[in-house]
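Colleague: Following this message is one structure expressed as structure tokens.
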């Protein structure tokens, strides 16, 4: 390992994992004094990736990180071909026993970000605009990763309730001028995320158990969902800038096709992240935030050290292998001299091998999983992890709901993603009391 401390800490951990496993990672963390990032890195590496999703426009343009001075005013984000407007529409409320028409304000901070990812993930995975939240608010928050749920004026439950109510009361306008391969231009006007939501209720946690997503928003979500890793979201859930940077990189990096990467200005990045701090402070914040983001997304190849931000093509967050070209061991002749896509190495520390000797890249099996030697491997996972649900029904839902379904992968990678989906599918069906 190079010992290059100029790298983000997550990249250092990844190199350490390749070089000497978990013990080496702990050694690097001890030297860096970074227990928090080490724990996040190891948890993401230890757990199977769990697919989560966010609309691409919300990856490219973020909510406010802090409460605006006047939170009843619309929020507008734009950068060339992207534009996002969030309009906090007035809703009927009871104040001092009287009904009044009043704006709740725009959502801000980490809570609406986490809630939004959960709601959109459920809709995409289930292929339904009806999203089930759970039996009560405490249970729902624990599903989001908040183990301690407190009630009271500043309790976590009330803070989340307020932000979810704000989130779902807003109307949105999204403009997206597609100019690149894989981008589709669209415009969504005056759309609410949800058009049937009664809001949360009393202290015992009772609340609206199901949200019906508006049809216009849902239809665009299905076409423009960006895959994330729910395990990483849980690690970042308390840091709004980290969530923004992670989701932006998850959207942007896998879509870069040039080996030279893409260069953007710090001002452009600030517009994407919705950060209004002065330039010097913003750069410092992002560089510090990249430490924890790199721990949960070590394959993200980004250079934040200079006057410009350099984005390099990188694998999506659901890729569990440490495969980024920036993670190759210094001093490894094969890795240093081989073409960019011809060398792979996984976290177990196996020696690099040419792509020609690697497992073939294949599509996800089509048709029934009951026939064929390859298909039966996927069926075995479905039977074991998805009881008692129909394996072919789960496979149909996976093909319909996984945005990256057309991508070619090794069977090892497909089986990993498929198993994570099956487990989540079975949990949701059981929670919903499905037959």
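The values are calculated or read from the model by the stated rules, or taken from the named source; none is laboratory data. The model shown is predicted, which means the values in this text are computed figures rather than measured ones. Using ideal geometry, Cβ is built from the backbone for each residue, glycine included, and neighbour counts are taken over all protein chains shown.
Colleague: How many of the residues making up segment 218-260 are surrounded by fewer than 17 Cβ atoms within 10 Å (Cβ to Cβ) and not in a helix (DSSP H, G or I)?
Modeller: The number of residues fulfilling the criteria is 6.
Colleague: For segment 369-377, indicate whether the set of residues that are at pLDDT 50 or above, surrounded by 11 or more Cβ atoms within 10 Å (Cβ to Cβ) and under 28 Å from residue 218 (Cα atoms) is non-empty.
Modeller: no
Colleague: Taking the stated definitions as given, is residue 90 touching a strand residue (DSSP E or B) at 6+ places or on another chain (Cβ under 6 Å) and not assigned by TED's automatic domain parsing to the domain that holds residue 296?
Modeller: Spelling it out, residue 90 is indeed touching a strand residue (DSSP E or B) at 6+ places or on another chain (Cβ under 6 Å) and not assigned by TED's automatic domain parsing to the domain that holds residue 296.
Colleague: Working only within segment 383-395, note down all residues that are exposed (fewer than 14 other Cβ atoms within 10 Å of the Cβ) and under 22 Å from residue 227 (Cα atoms).
Modeller: Residue satisfying the conditions is 393 alone.
Colleague: Then there's this: For segment 142-156: of the residues being free of Cβ contacts under 8 Å to residues at least 60 places away in the same chain and touching a helix residue (DSSP H, G or I) at 6+ places or on another chain (Cβ under 6 Å), which is surrounded by the fewest Cβ atoms within 10 Å (Cβ to Cβ)?
Modeller: Step by step, filter segment 142-156, then rank; the result is 150.
Colleague: Kindly indicate whether residue 300 is in a loop (DSSP other than H, G, I, E, B) and either in the same structural domain as residue 14 (by TED's automatic domain parsing) or surrounded by 12 or more Cβ atoms within 10 Å (Cβ to Cβ) (or both).
Modeller: yes
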